[in-house]
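Notes for the one structure printed next.
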Amino acid sequence: MVRERVSATEIFIPVFFLALIALIAMLMYGDASTVLENRILLTAFALVAAVLFQFSLNSNLPPHGYLTFADKLMIVTYGIMIIGLLIGIMLLNWHHKRDIARSNLIQFYSIRIVPILAIIVYVLTFWLLV
C-alpha cells in the first residue's frame, strides 16, 4: 500500500489557520467571565479540529513506527494550542478571584510572548526537520 503524494498546501495551510485561530483567541479579553470562557472554548475547539485534521492526514498512511514531518508539525501546533488553553484557564481563574492586576499582567505578556514563541518553534521545526 503506497500513499499518494500530498501537496504541501494540503498540510500547511490548515495547520497555519488552526494555529492562527488559537493565537487570535488570545486577543479575547474583557471584564465579563463569558468572554474568557469563550476564549477557552475557541481554543479547545481549535485543538479538537487539529486532532481530527491529524487523523485525516494519517488515515491514508499504512501503519508505521515513526513520526512523519506532518506529525511533528502537529505536535508543535498542539503545544501552542495547549499553552493558549492554559493561559485562558489562568486568566479565568484570576478573574474569578477578582485579581484584575494579575489578569492584566498575564494578558499583557501572553499576547506578546506566545506568538513570538510560536514563530520561533515553527521556524526551528522547519529548519531542523527539512
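Computed on the chain, with alpha-carbon pairs under 8 angstrom and 6+ residues apart, the relative contact order is 31 percent. Applying the Karplus relation 6.51 cos²θ - 1.76 cosθ + 1.60 with θ = phi - 60° to the range 53-66 yields 3J(HN,Hα) values of 5, 5, 4, 5, 5, 7, 5, 8, 8, x, x, 9, x, 9 Hz, where x marks Gly and Pro. A crude spin-label estimate for the pair D31 and R112, with each label 7 Å from Cα along the Cβ direction, gives 2.5 nm. Each of I24, I87, I119 has some number of other Cβ atoms within 10 Å of its Cβ, and from fewest to most they run I119, I24, I87. Once the Cα-Cα distance is subtracted from the 0.36 nm per residue extended length, the L128 to A44 segment shows a gain of 27.4 nm. This ranking places W127, W94 by how few other beta-carbon atoms lie within 10 Å of each, fewest first, which gives W127, W94.
When each of E37, E10 is scored by the number of other beta-carbon atoms lying within 10 Å, the sequence from fewest to most is E10, E37.
GNM remark for the chain: springs join alpha carbons under 10 Å apart, and the peak mean-square fluctuation among G79, G88, G30 falls on G30. Taking θ as phi - 60° and the Karplus parameters 6.51, -1.76 and 1.60, the scalar couplings of the range 113-119 work out to 8, 5, x, 5, 4, 4, 4 Hz in sequence order, x denoting glycine and proline.
Each value in this text was obtained by applying a stated rule to the coordinates, not by laboratory testing. If you're wondering where the values come from, they're calculated on a predicted model, not measured in any experiment. When we count neighbours, we look across all protein chains shown, and the Cβ atoms used for this are built from the backbone with ideal geometry, even at glycine.
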